[in-house]
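Accompanying notes for the structure given below.
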Amino acid sequence: MRTRADLGVPVWALARHTGPAARAVSAYKDRGRPDLARPIGAALAAGIDALRAAGEIPEASERPTVLVPAPASARARRRRGFDHVREVVDALAAELAGSTPGGPVAVAPVLEVRGRVRDAAGLDARARSDNLSGRIRRRPEGTPVRASPGAPSTVAALLASPATVLLVDDVVTTGATAAACVGVLKVGGLRVDGVLGVTAA
């Protein structure tokens, strides 16, 4: 499903952030169920298959797929004990790489949150945007990129290679986080083809 967020690139989510989908995301993120990363990653892979079948993004055989995890703050990672989006993206990448027909896929954790940010729960669109202003940055050029054969394996190769670049997040609410991420990537020379969320509020 497409979301209402207007970021200048397509924004898709698997479901609305209600009912079982919202409960699954909450259990995964904040209720001690990190084991849900794998089924959530598999669901996202099915979503990517559907986008390819609908012609929304290129087929796996046409160009590598590059997955950029939306960054979590250091405080959020400490509170949860893991980087919840990165874990889902790793599971998604493994699912895509092992599928038939497969295709080159890379995980590029090239974004980070610097400085102090507030918990976004309960913040409106303007407050979320202000909360993140100037705090999402690109990581250094030497940041490791985990890639399957045929996918760009360095940031320099990523910038120079045609690829389908998807920013992946858990919940798309106002679109403030995704917009900040897409903007930083664009300034750094990386064109994002779309934003993929697990749910959309």
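Of note:
- Pairs meeting the criteria (first residue in the stretch 176-199 and among the acidic types (Asp, Glu), second residue open to solvent by 20 Å² or more (accessible area, probe 1.4 Å), beta carbons under 8 Å, at least 6 apart or on different chains) are 193/9; 193/10.
- Checked against (1) modelled with pLDDT of 95 or more; (2) in a loop (DSSP other than H, G, I, E, B), residue 15 passes all but a single condition, namely (2).
- Check on residue 70, within 25 Å of residue 136 (Cα to Cα) and touching a Phe, Trp or Tyr at 6+ places or on another chain (Cβ under 8 Å): no
- Selection from the stretch 51-60 of residues that are part of a helix (DSSP H, G or I) and either surrounded by 14 or more Cβ atoms within 10 Å (Cβ to Cβ) or of a type in the set (Val, Ile, Thr) (or both): 51, 52
- Residue, most open to solvent (accessible area, probe 1.4 Å), within the stretch 164-191, restricted to residues that are at pLDDT below 95 and within 15 Å of residue 64 (Cβ to Cβ): 191
- Tallying residues that are open to solvent by less than 70 Å² (accessible area, probe 1.4 Å), under 18 Å from the mean Cα position of the chain (by Cα) and at pLDDT 70 or above within the stretch 96-138 yields 14.
- Any chance residue 171 is in contact (Cβ under 8 Å) with a residue 12 or more places away in the chain and in a loop (DSSP other than H, G, I, E, B): no
Residue-by-condition table, conditions (1) touching a strand residue (DSSP E or B) at 6+ places or on another chain (Cβ under 9 Å); (2) among the aromatic types (Phe, Trp, Tyr); (3) under 22 Å from residue 103 (Cα atoms); (4) modelled with pLDDT of 95 or more:
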site: 2; (1), (2), (3), (4): yes, no, no, no
site: 23; (1), (2), (3), (4): no, no, no, yes
site: 29; (1), (2), (3), (4): yes, no, no, no
site: 41; (1), (2), (3), (4): no, no, yes, yes
site: 47; (1), (2), (3), (4): yes, no, yes, yes
site: 51; (1), (2), (3), (4): yes, no, yes, yes
site: 62; (1), (2), (3), (4): yes, no, yes, no
site: 67; (1), (2), (3), (4): yes, no, yes, yes
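- Selection of the stretch 68-101 for residues being outside any helix (DSSP H, G or I), under 22 Å from residue 179 (Cα atoms) and not small (Gly, Ala, Ser) yields 68, 69, 71, 83.
- All conditions but one from (1) open to solvent by 60 Å² or more (accessible area, probe 1.4 Å); (2) of a type outside the set (S, T, N, Q); (3) part of a loop (DSSP other than H, G, I, E, B) apply to residue 7; the one that does not is (1).
- Within the set 63, 80, 75, 23, the sole residue that is open to solvent by 40 Å² or more (accessible area, probe 1.4 Å) and either within 14 Å of the chain's Cα centre (by Cα) or touching a residue at least 60 places away in the same chain (Cβ under 8 Å) (or both) turns out to be 63.
The values are calculated or read from the model by the stated rules, or taken from the named source; none is laboratory data. A quick note: this is a predicted structure, and the numbers were derived from the prediction, not measured. Glycine gets a Cβ as well: all are built from the backbone with ideal geometry, and neighbour counts include every protein chain shown. Note: accessible area is taken over every heavy atom of the protein model, side chains too, but ligands, DNA and RNA are not part of it. Shrake-Rupley method; radii C 1.70, N 1.55, O 1.52, S 1.80 Å.
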